[in-house]
Amino acid sequence: MFRALRLKQEPVPVAPQRKVVTIEQWLGDAQYPLGIRSINALPYDAKQRFYRTLVPPELLGRLGINPILWRGSGYTVELFAEPDSGKVNISINNPEDARDAYFVLELQDNATNGIDLNLILLNDPFAEKFDIEHDSDGKQTHWGTVTRNLAEEERAMRAGLAPAQVRAGMGFSREVLQQLDVFLALCARQAVSLEPLTYVSAWIFEKRGFAYVRGHKLMDDIQREFQPGGKLHAALDGSTPFRSPDAWQTVRGRAWAIHDGILEAIGERWRDLRMIKVVGKHAGVETFPGAKY
């Protein structure tokens with residue numbers, strides 16, 4: 001049950017690589033760390049071979065897409081990997097509306113010569129779409145982080161969705177992150193880092209093996225204060241549809257309350273969290289023990 005996860009609003013400066021590394025150099029040293037920028041410098045067919053490892057064949061099969069050709073059943077896998085860029089974006093969109101994305105995965109070299117997961121999105125193309133992306137004036141809400149469409153958010157919540165979801169999830173989060181581990185190992189990279197957009201995002205990434213570089217204390221504070229007698233529990237007063245008194249009992253309920261600004265009750269905001277996962281390792285972090293989604 002994976003959701004749209006936006007990790008950065010603005011690009012960060014990327015440390016330039018000193019030179020373009022040739023495929024012969026890579027083949028000569030299996031421990032040589034590859035960056036996105038180096039892969040992007042390859043001819044299209046060569047870099048597509050690398051980036052194929054990031055998309056689970058099971059996901060493509062679900063949509064009737066040939067995993068080698070990257071097209072089928074009216075869908076096409078789009079690869080954006082410009083030669084002078086340290087960023088790669090892989091997407092599958094609605095054939096009738098390129099702005100309606102079903103799958104997006106974006107990686108980027110970071111300033112410490114590591115790799116960031118900027119964006120991952122898994123939307124079920126066969127599920128109802130909720131227009132939380134636009135407010136009543138038609139302006140972009142950036143998944144509710146800038147402005148909000150309260151009516152559509154309430155509809156989405158009552159349909160079982162989490163904050164930032166426009167459709168029910170397609171699944172495949174475990175498979176996508178397993179493929180990411182394979183890609184990182186191929187590139188001789190030790191870890192991937194990210195910034196979770198929502199409480200649900202952070203909880204899912206915990207389940208997938210990530211730990212906190214920043215934000216573990218906030219997650220522990222949230223767990224404590226949502227217990228009966230805590231400040232967040234008391235703030236679940238039913239004053240909005242997103243603050244149901246029983247919302248503290250589930251991940252999704254807490255997430256909607258946090259999206260609604262309830263962290264003000266403890267003098268906090270949902271911001272500046274950062275998570276990391278080491279290739280092949282599960283950190284075992286669990287800030288909501290025994291959680292129900």
Lone qualifier among 37, 71 - being touching an Asp or Glu at 6+ places or on another chain (Cβ under 6 Å), of a type in the set (Lys, Arg) and at pLDDT 65 or above: 37
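Taking the conditions exactly as written (basic (Lys, Arg) and either within 21 Å of residue 152 (Cβ to Cβ) or under 18 Å from the mean Cα position of the chain (by Cα) (or both)), does residue 254 satisfy them or not? Give the steps one after another, and end with the answer.
Values: basic (Lys, Arg): yes; either within 21 Å of residue 152 (Cβ to Cβ) or under 18 Å from the mean Cα position of the chain (by Cα) (or both): yes.
Judged against the criteria, residue 254 is a match.
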When residues of segment 213-263 are limited to those that are touching a residue at least 24 places away in the same chain (Cβ under 8 Å) and among the acidic types (Asp, Glu), the one surrounded by the fewest Cβ atoms within 10 Å (Cβ to Cβ): 220
Residues within segment 64-81 that are closer than 26 Å to residue 140 by Cα and among the charged types (D, E, K, R), tallied: 1
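Here is a yes/no grid of residues against (1) under 30 Å from residue 50 (Cβ atoms); (2) surrounded by 19 or more Cβ atoms within 10 Å (Cβ to Cβ); (3) not charged (D, E, K, R):
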{"position": "144", "(1), (2), (3)": "no, yes, yes"}
{"position": "149", "(1), (2), (3)": "no, yes, yes"}
{"position": "152", "(1), (2), (3)": "no, yes, no"}
{"position": "157", "(1), (2), (3)": "no, yes, yes"}
{"position": "160", "(1), (2), (3)": "no, no, yes"}
{"position": "168", "(1), (2), (3)": "no, yes, yes"}
{"position": "182", "(1), (2), (3)": "yes, no, yes"}
{"position": "186", "(1), (2), (3)": "yes, no, yes"}
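Does residue 161 count as within 17 Å of the chain's Cα centre (by Cα), closer than 17 Å to residue 252 by Cβ and at pLDDT 95 or above?
Details: within 17 Å of the chain's Cα centre (by Cα): yes; closer than 17 Å to residue 252 by Cβ: yes; at pLDDT 95 or above: yes.
Yes.
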Counted residues, segment 80-101 - those being in contact with a helix residue (DSSP H, G or I) (Cβ under 8 Å, 6 or more places away or on another chain) and basic (Lys, Arg): 1
Pair list, Cβ under 7 Å, 6 or more apart: segment 131-143 residue closer than 14 Å to residue 167 by Cα, other residue of a type in the set (Lys, Arg) and not in a loop (DSSP other than H, G, I, E, B): 143/6
Residue within segment 148-167 that is more than 21 Å from residue 198 (Cα to Cα), out of contact with any Lys or Arg (no Cβ under 9 Å at 6 or more places or on another chain) and outside any strand (DSSP E or B) present: no
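So which residues in segment 117-146 are of a type in the set (Phe, Trp, Tyr) and farther than 27 Å from residue 64 by Cβ, if there are any at all? Talk me through it step by step, then tell me what you get.
The initial filter retains those residues of segment 117-146 that are of a type in the set (Phe, Trp, Tyr), namely 126, 130, 143.
Correct list: 143 only.
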All strands (runs of 3 or more DSSP E) inside segment 35-124 with 1 or more residues being in contact with a strand residue (DSSP E or B) (Cβ under 8 Å, 6 or more places away or on another chain), touching a residue at least 60 places away in the same chain (Cβ under 8 Å) and surrounded by 15 or more Cβ atoms within 10 Å (Cβ to Cβ): 87-94, 97-109, 115-122
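Out of the residues in segment 193-212 meeting the condition of being in contact with a helix residue (DSSP H, G or I) (Cβ under 6 Å, 6 or more places away or on another chain) and crowded, with 21+ Cβ neighbours inside 10 Å, tell me which one is farthest from residue 253 (Cα to Cα). Spell out how you get there, then give the answer.
Initially, segment 193-212 is screened for residues in contact with a helix residue (DSSP H, G or I) (Cβ under 6 Å, 6 or more places away or on another chain), giving 196, 198-200, 203, 208.
Okay, now just the ones that are also crowded, with 21+ Cβ neighbours inside 10 Å, so 196, 198-200, 203.
Working: 196: 17, 198: 12, 199: 10, 200: 9, 203: 13 Å.
Applying the filter and picking the extreme gives 196.
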Checklist (1) closer than 27 Å to residue 265 by Cα; (2) assigned to a loop (DSSP other than H, G, I, E, B); (3) modelled with pLDDT of 95 or more applied to residue 145, failing item: (3)
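The values are calculated or read from the model by the stated rules, or taken from the named source; none is laboratory data. Everything quoted here is computed from the prediction, not taken from an experiment. Positions of Cβ are generated from backbone atoms using ideal geometry, with glycine treated the same way; all protein chains shown enter the neighbour counts.
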